[in-house]
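Only the coordinates and a few stated rules stand behind these numbers; no lab work does. It should be emphasised that the depicted structure is a prediction, and the values quoted were computed from it without experimental measurement. Here the Cβ is made from the backbone with ideal geometry for all residues, glycine too, and neighbour counts use every protein chain on show.
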2 protein chains.
Amino acid sequence: MTGSAAPPAGPVTIVGGTGALGFGLALRLGKAGIPIVIGSRDEQRAQEAAERASEVIPECEGRQNEAAVEGARIVILSVPFRNQSETLTNLKTVLTPEHLLVDATVPLAAAVSGKATRTLGVWQGSAAQQAQEMAPEGVRVVSAFHTVSAALLADLDHELDEDVLICGDRKADKAEVAGLVGAIDGLRPVDCGPLEMARIVEQLTPLIISINVRNKVRAGIRITGLPNP
Amino acid sequence: MTGSAAPPAGPVTIVGGTGALGFGLALRLGKAGIPIVIGSRDEQRAQEAAERASEVIPECEGRQNEAAVEGARIVILSVPFRNQSETLTNLKTVLTPEHLLVDATVPLAAAVSGKATRTLGVWQGSAAQQAQEMAPEGVRVVSAFHTVSAALLADLDHELDEDVLICGDRKADKAEVAGLVGAIDGLRPVDCGPLEMARIVEQLTPLIISINVRNKVRAGIRITGLPNP
């Protein structure tokens, strides 16, 4: 998988786009020329975040989550694990098989006031598989964006140079997300296999947090040995 | 953590050194000037492997596992998960608090004829934690070497350029293993936190296997953002 796939046509919606990871993705994708819709439970917070983003990217609006999803082809779900289930329940009436749902949720034990270097067991196997189970029939789910630092995404002066690990059950869907990733300078998409591999990839967030704490850095992941470094 | 720590004084024993990963480590560590003892359940197989290794490295002998452990300071445990428990039971009388046990075991589902892209749940949390539980009181356990390709280790013409992720509960033990890793050209040790983090790091083997299958490569892991790239 390389970054050569086309970036998406039409706006990308980021549900939870007021959070650190979602906002960082909004800036980077917006900077790549992709129209962005920031979604939040609270319409006013969404609009405030969109105004802040609009200072550095050309096209960004803020809407309440359900309204933000309408008209989007790609929907990035970037919410704390604590809110993932409730958010997906609220999106049930608006998500359709037209949507490609990119789940970035990580079941950190921090959701129940545990450590950010530990995860919770999710009965479905991973947060992404929970998203697949909860999303309406036909919505395609791909898992991505677990290892990129929110702070480094939001710092547009920082040159990214790392990989985004992608899991999903359909090659076409992963290629579409690869196009999205490849649109961001310095990020390389890597196909990690079916959605069930999200069980592993979601664990990389607490691993990186542990490395960050020990080394006072903002680490990321690079897969070595691939033909396109 | 950098590679600047000293390589170990005295021989390094590799229990399961006739296997692909163990043999590759024997070659690389031996090439770094460290005397190697290859251990196997079968003394003759150990000696045959040591003879093969001796064609390219200066000091290598082969012994039956229990005899191989005596006199070593660092013991690398590199056996299939299926054999880890039995091997540790057999080593109970010879492992002492003098030994630093470096566990490289990965609980691949392949142990029960499942997929190599899936793992088994280990009640203790990880194979490394099982090793800690089974080893005699006082034996120090560190987890490492899960993400380096056995084939690339054994190919001495290949220039390694990747990280080895290390988990353990004592900084001094991890520094000792970091010295071992740093003795191998092209490998960088990265401290990933306490031994419980082996739950995550052991999962990287099936992740890499999945990436290898999809990309026909021999992948490894590099942590980005660290000061010493």
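Data table
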item	result
Cα gyration tensor shape of the protein assembly as shown, rounded if a/c is under 1.5, else prolate or oblate by comparing a/b with b/c	prolate
Cα gyration tensor shape of the range A:1-97, rounded if a/c is under 1.5, else prolate or oblate by comparing a/b with b/c	oblate
Within chain A, percent of DSSP bridges classed antiparallel, to nearest 5	10
Of the GluC sites (Glu not before Pro) in the range B:114-167, those whose Cβ has at most 16 other Cβ within 10 Å and which sit in DSSP loop	B:137, B:159
Charge dipole magnitude, Cβ of K and R +1, D and E -1 - the range B:41-176, Cα centre, debye nearest 20	680
Anisotropy class of the range A:106-229 from Cα gyration tensor, a/c 1.5 cut	oblate
Taking the range A:1-134 and dividing mean pair separation by its residue count, relative contact order in percent (alpha carbons under 8 Å, at least six apart)	21
Separation of alpha-carbon centers, the range B:180-229 and the range B:41-110, rounded to whole Å	22
For the B-to-A rotation axis, chain B residue with nearest beta carbon and its distance in angstrom	B:222, 2
Mean separation of Cα contacts under 8 Å (6+ apart) over length of the range A:89-135, as relative contact order %	35
Cβ neighbours within 10 Å from other chains - mean over A:146-153	1
Amide H contacts of residue A:60 (H built 1.01 Å from N, under 5 Å, at least 5 apart or other chain)	A:36
Other copies of residue A:20: label-to-label distances in nm, shortest first, labels 7 Å along the beta-carbon direction	3.9
Whole-Å semi-axes of the ellipsoid equivalent to chain B (Cα gyration tensor, √5λ, descending)	22, 21, 19
Loop GluC sites (Glu not before Pro), the range B:13-55 (other Cβ atoms within 10 Å of the site Cβ: 16 or fewer; DSSP)	B:55
Across the identical copies, how the residue B:138 labels are spaced - nm, sorted shortest first, 7 Å along Cα→Cβ	6.8
Neighbourhood charge, 10 Å Cβ-Cβ cut-off, centred on residue A:62 and excluding it, Lys, Arg +1 and Asp, Glu -1	-2
Label distances, nm, residue A:52 versus same residue in remaining copies, Cβ-directed 7 Å point	5.9
Cross-link pairs B:31/B:115; A:171/B:115; B:174/B:216; A:216/B:92; A:115/B:174; A:31/A:216 - those with Cα-Cα distance over 30 Å	B:31/B:115; B:174/B:216; A:216/B:92
